[in-house]
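Could you have a look at this structure, given as structure tokens, before my questions?
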2 protein chains.
Amino acid sequence: MGLLVVGSVAFDSVETPFGTVEDVLGGSATYFSTSASYFTDVNLVAVVGEDFPEKHINFLKMRRINLDGLERTGGRTFRWQGKYGYDLNEAQTLKTELNVFEHFSPKLPEHYRDAEVVFLANIDPDLQRDVLTQTKNPKIVAADTMNFWIESKRDSLIETLKHVDILLINDSEARQLTDEPNLVKAARKINSYGPKTLLIKQGEYGVTMFNSHSIFIAPAYPLENVFDPTGAGDTFAGGFVGYLANTMDFSDIALRRAAIMGSVMASFNVEDFSLNKIRDLDYKEIESRFREFKKLSHFEDI
Amino acid sequence: MGLLVVGSVAFDSVETPFGTVEDVLGGSATYFSTSASYFTDVNLVAVVGEDFPEKHINFLKMRRINLDGLERTGGRTFRWQGKYGYDLNEAQTLKTELNVFEHFSPKLPEHYRDAEVVFLANIDPDLQRDVLTQTKNPKIVAADTMNFWIESKRDSLIETLKHVDILLINDSEARQLTDEPNLVKAARKINSYGPKTLLIKQGEYGVTMFNSHSIFIAPAYPLENVFDPTGAGDTFAGGFVGYLANTMDFSDIALRRAAIMGSVMASFNVEDFSLNKIRDLDYKEIESRFREFKKLSHFEDI
């Protein structure tokens, strides 16, 4: 039952033209599960070090995220340091300290194994498959990846994709994975690798979703104040997969709504550093921004 | 009566990863008026040299474009040479030969002066204002510009903008014009310069339209074969302004439909070199692609 996510919990240090934060709560699994927690019960699998403070644990618990799969081990928590220019679309990584994440070997607690929906955040594709072998029979497997794995573990990634229903990556990764500059052709190739549904994340330009016989474009919300795009992709994924796990409807209509819900959550997330803005949203705010998205792209037939 | 456009008629030589063409018909006024001719009568003002062949004149006449304002003078026609990489979003200009365009001084034939809708394509902002002084009392003035004028004739451009109702520029130009990296803030600044409506063209990512109390995002059509983006912006403008001139309805609903119509025309244009694809479209093809745009961005409320 429920939604399972496997990924990272981290400390981020981020510099943007609008400010700087040090060692704030971050990580793909953190952003994903916080965002998804507005829609469904989340079971998290990740690893932290002995330096991980109780206040973060309490926050995740406050969001009703199940932490039975959060391993705590000796050593320091994963740390990432990055910087953004005025073009907030791409982070420049200044430093990555894998620490306890280096030897992360996800172990699913027994009661996690019958998860109906699984999200494999951006980790080693070997580990992504290892997680799947520990699950019983999920109805939907969604996954993320990154250029690092495309370059260094391509064969393993392609093997993982055979078991993935929904892949979420950005446009440059889609081009790199398929060696195809045209995004529509790249999407068709990726569909043929396994994922029936592909979401191509394009930062401030929104998301394009490719299904076997339909393309959907979800705009990004035009914000006057974008503070920090860190975690936007995982927050999107959390809203998207979380909404699907709530409804368990995977029709084209439901997938489109879910893509907007992901965009809604991502639009909140970038308005502040770390998870500050999505710590404690009112569901009414989420519904209200969903309706704003409707206004944003609506036009009448001729 | 009708729609007036002032801009360039040119020969383009273009290299893309998909092929090369030499001295083909191009120019902002050519793309604009061909695209607009599907919706309304167009009166063109431009200049060509003695090397401009009859076959191009005949093509423009075939599209029922009024050429009484097309000046023919001694010398060579304006020539542009450019190159695109796999990222088709930005052209690298290899060569610009202004030729007869260098001393272009637009003169409106008497029967052009009562145009209700005016499009000032990307020319010297001094000339744009000069054109306006020759018109009687247009209901709507739309304009384009480029980084070159923003850098070299900023004050003149700001003066021109006071008389412009609808400005169409790309995102980097909007940022450069306002010295504001955030697009929403940049748009609000530009609205305060004069244009009540601003369309920010974002290439393969579509168009964002800012009105005083509404933002609309029109996606770009995801194409498997993008051959040549030359003229896409002017073709968009032709569909947008042409549709408005046809209906003379400037409500938010009409502006949104017009933005989609511009996107429809641009999506055809990039499928082939020069104006090949938009030379002779069936209006049913245009309507059919308009409906495809509807499918592309439609989602149901929650």
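How big is the C-alpha Rg of the stretch B:167-302 next to the rule-of-thumb value 2.2 N^0.38 Å, as a ratio?
Details: Rg = 15.0 Å, N = 136, 2.2 N^0.38 = 14.2 Å.
Cα-based Rg divided by the globular estimate yields 1.05.
Which loop-located trypsin sites (Lys or Arg not before Pro) does the stretch B:224-302 contain, where loop means any DSSP state but H, G, I, E or B and the Cβ has at most 13 other Cβ atoms within 10 Å? Don't jump to the answer; show the numbers that get you there.
On the way: sites: B:Arg256, B:Arg257, B:Lys277, B:Arg279, B:Lys284, B:Arg289, B:Arg291, B:Lys294, B:Lys295; in loops: B:Arg279.
Answer by residue number: B:Arg279.
If you don't mind, there's one more thing I want to ask. Report for the stretch B:3-297 the percent antiparallel among DSSP-assigned beta bridges with both residues inside it, nearest 5. Each step should come with its number before you reach the end.
On the way: 20 of 51 bridges.
In the stretch B:3-297, DSSP labels about 40 percent of beta bridges as antiparallel.
Right, another one. How much of the DSSP bridge set in the protein assembly as shown is antiparallel, in percent, rounded to the nearest 5? Numbers along the way, then the final one.
Numbers: 40 of 102 bridges.
About 40 percent, rounded to the nearest 5.
Same structure, new question: Taking θ as phi - 60°, what are the ³J(HN,Hα) couplings along the stretch B:252-266 by the Karplus curve (6.51, -1.76, 1.60), each to the nearest whole Hz, with x for Gly and Pro?
4, 4, 5, 5, 5, 4, 5, 5, 5, 4, x, 5, 4, 5, 5
Taking a point 7 Å out from Cα toward Cβ as the label site, list the nm distances between A:Lys153 and the same residue in every other copy, smallest first.
Distances to the matching label points in the other copies: 5.8 nm.
Still on this structure: Looking at chain A as a GNM with Cα springs under 10 Å, which of A:His111, A:His213, A:His103 has the largest mean-square fluctuation?
Highest fluctuation of the listed residues: A:His213.
Next question. At B:His298 and B:Asp87, where each label point lies 7 Å from the Cα along Cα→Cβ, what is the point-to-point distance in nanometres?
Between B:His298 and B:Asp87, the label points sit 3.5 nm apart.
Taking a point 7 Å out from Cα toward Cβ as the label site, list the nm distances between A:Leu127 and the same residue in every other copy, smallest first.
6.1
Using a label position 7 Å from Cα in the Cα→Cβ direction, what is the ascending list of nm distances from A:Asp301 to the same site in the other copies?
Here A:Asp301 shows inter-copy label distances of 1.9 nm.
Sorted from largest down, give the three principal axis spans of the alpha carbons of the stretch B:11-123, whole angstrom values.
Result, largest extent first: 44, 33, 25 Å.
For the stretch A:81-198, compute Rg over Rh where Rg is the Cα radius of gyration and Rh is the Kirkwood radius from the inverse mean 1/r over Cα pairs.
On the way: Rg = 15.5 Å, Rh = 15.6 Å.
Ratio value, two decimals: 1.00.
Under the Kirkwood approximation applied to all pairs of distinct alpha-carbon atoms, what is the hydrodynamic radius of the stretch B:3-297 in Å?
Details: mean 1/r = 0.0529 Å⁻¹.
Computed over Cα pairs of the stretch B:3-297, the Kirkwood hydrodynamic radius comes out at 18.9 Å.
Additional query: For the stretch A:162-214, what mean projected area does the convex hull of the alpha carbons give, in nm²?
Details: hull surface 13.0 nm².
The Cα convex hull of the stretch A:162-214, projected and averaged over all directions, gives 3.3 nm².
As an exercise, identify the trypsin sites (Lys or Arg not before Pro) in the stretch A:104-166 lying in DSSP coil whose Cβ has no more than 15 other Cβ atoms within 10 Å.
Details: sites: A:Lys107, A:Arg113, A:Arg129, A:Lys136, A:Lys139, A:Lys153, A:Arg154, A:Lys162; in loops: A:Lys107, A:Arg113, A:Lys136, A:Lys139, A:Lys153, A:Lys162.
Filter output for the stretch A:104-166: A:Lys107, A:Arg113, A:Lys136, A:Lys139, A:Lys162.
If the convex hull of the alpha-carbon atoms of the stretch B:1-42 is projected onto planes in all directions, what is the mean projected area in square nanometres? Present the calculation step by step, with values, prior to reporting the outcome.
On the way: hull surface 13.7 nm².
Across all orientations, the stretch B:1-42 yields a mean hull projection of 3.4 nm².
On a C-alpha basis, how far is the centre of the stretch B:46-61 from the centre of the stretch A:125-191 in Å? Whole number, if you could?
Value for the Cα centre distance between the two parts: 52 Å.
Please report, in Å, the Rg and the Dmax of the protein assembly as shown, where both are computed over Cα atoms only.
For the protein assembly as shown, the Cα-based Rg and Dmax read 26.3, 85 Å.
A further question on this structure: Hey, what number do you get for chain B at 222 nm if only DSSP H runs of n ≥ 4 count, each worth -39500 (n - 2.57), divided across all residues, to the nearest 500?
-11000 deg cm²/dmol
What do you get for GluC sites (Glu not before Pro) in the stretch B:1-57 restricted to DSSP loop and a cutoff of at most 12 other Cβ within 10 Å of the site's Cβ?
On the way: sites: B:Glu15, B:Glu22, B:Glu50, B:Glu54; in loops: B:Glu50.
Passing sites in the stretch B:1-57 are B:Glu50.
Rule-based calculations on the coordinates, nothing more; no lab input. Just so you know, these numbers come straight off a predicted model, no measurement behind them. Cβ atoms come from the backbone with ideal geometry, glycine included; neighbour counts cover every protein chain shown.
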